[in-house]
Amino acid sequence: MLASLQAYISHLRRVLEPWREPSTVAGVIVSAAPGYSLRLPVEAVDVWRFESKVSAAEQEADPAERARLLEDALEGWSGEPYAEVADALWAVPEVARLTELRLATTESYAQTQSVLGRDAVVVRVLERHARDHPGREVAAGL
């Protein structure tokens, strides 16, 4: 079984790092006790990129910049999280977490737009959101 795993990792490394010379240290899938670790920049993984932008927005004091960061994060979102495997037991908690993060980010964006006095944007953002998620108190309040 270990030999099969090592063979799969070797094939993945060739696909992910086609420029890497054989027998040189891998940079994307690296050996790390007790197994392997994926090492990619934040920009390379859509979930990490989304979370990074949301986190930056949460730290931003300027409402206009906060709105820009949140809008940028939401524009990069498409579809449902892990749609192909959403029913898999291992994916269910992550799908729920990411879905909640997207909903909260949408509401945060609308709140920020409200602070900026951009009521038309708030209505546009929340019209469908509130209809699709009637139990969301923040959306209903806005």
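Looking across segment 20-53, the residues that are among the hydrophobic types (A, V, I, L, M, F, W, C), open to solvent by 80 Å² or more (accessible area, probe 1.4 Å) and outside any loop (DSSP other than H, G, I, E, B) come down to Leu38, Trp48.
When Glu80 is tested against (1) part of a helix (DSSP H, G or I); (2) open to solvent by 30 Å² or more (accessible area, probe 1.4 Å); (3) of a type outside the set (A, V, I, L, M), just one condition goes unmet, and that condition is (1).
Which members of segment 85-114 meet the condition of being small (Gly, Ala, Ser) and not in a helix (DSSP H, G or I)?
First pass over segment 85-114, keeping only residues small (Gly, Ala, Ser): 86, 88, 91, 96, 104, 108, 110, 114.
Ala86, Ala88, Ala91, listed by residue number.
Of all the listed residues (Val47, Val95), the sole one being of a type in the set (Val, Ile, Thr) and touching a Pro at 6+ places or on another chain (Cβ under 6 Å) is Val95.
Consider only pairs whose beta carbons are under 6 Å apart and that are at least six residues apart or on different chains; among these, list those whose first residue lies in segment 82-96 and is hydroxyl-bearing (Ser, Thr, Tyr) and whose second residue is in a loop (DSSP other than H, G, I, E, B). Qualifying pairs under 6 Å: Tyr82/Ala91.
Considering segment 1-19, and only residues there that are open to solvent by less than 60 Å² (accessible area, probe 1.4 Å) and either in contact with a Gly (Cβ under 8 Å, 6 or more places away or on another chain) or among the hydrophobic types (A, V, I, L, M, F, W, C) (or both), the residue that is nearest to Ser37 (Cα to Cα) turns out to be Ile9.
Restricting to segment 42-79, count the residues that are under 24 Å from Gly117 (Cα atoms) and touching a helix residue (DSSP H, G or I) at 6+ places or on another chain (Cβ under 7 Å).
14
For segment 83-95: of the residues being open to solvent by less than 60 Å² (accessible area, probe 1.4 Å) and over 12 Å from the mean Cα position of the chain (by Cα), which is farthest from Arg49 (Cα to Cα)?
Applying the first criterion (open to solvent by less than 60 Å² (accessible area, probe 1.4 Å)) to segment 83-95 yields 85-86, 88, 91, 94-95.
Checking the rest, the ones that are also over 12 Å from the mean Cα position of the chain (by Cα) come to 85-86, 88, 91.
Values: Val85: 21, Ala86: 20, Ala88: 24, Ala91: 19 Å.
My answer is Ala88.
Take the conditions closer than 24 Å to Ala83 by Cα and of a type in the set (Lys, Arg) and apply them to Arg39. Does it pass? The answer is yes for Arg39.
The values are calculated or read from the model by the stated rules, or taken from the named source; none is laboratory data. Model, not experiment: these values are computed from the prediction. Glycine gets a Cβ as well: all are built from the backbone with ideal geometry, and neighbour counts include every protein chain shown. Ligands, DNA and RNA are excluded from the accessible area calculation, which covers all protein heavy atoms including side chains. Shrake-Rupley method; radii C 1.70, N 1.55, O 1.52, S 1.80 Å.
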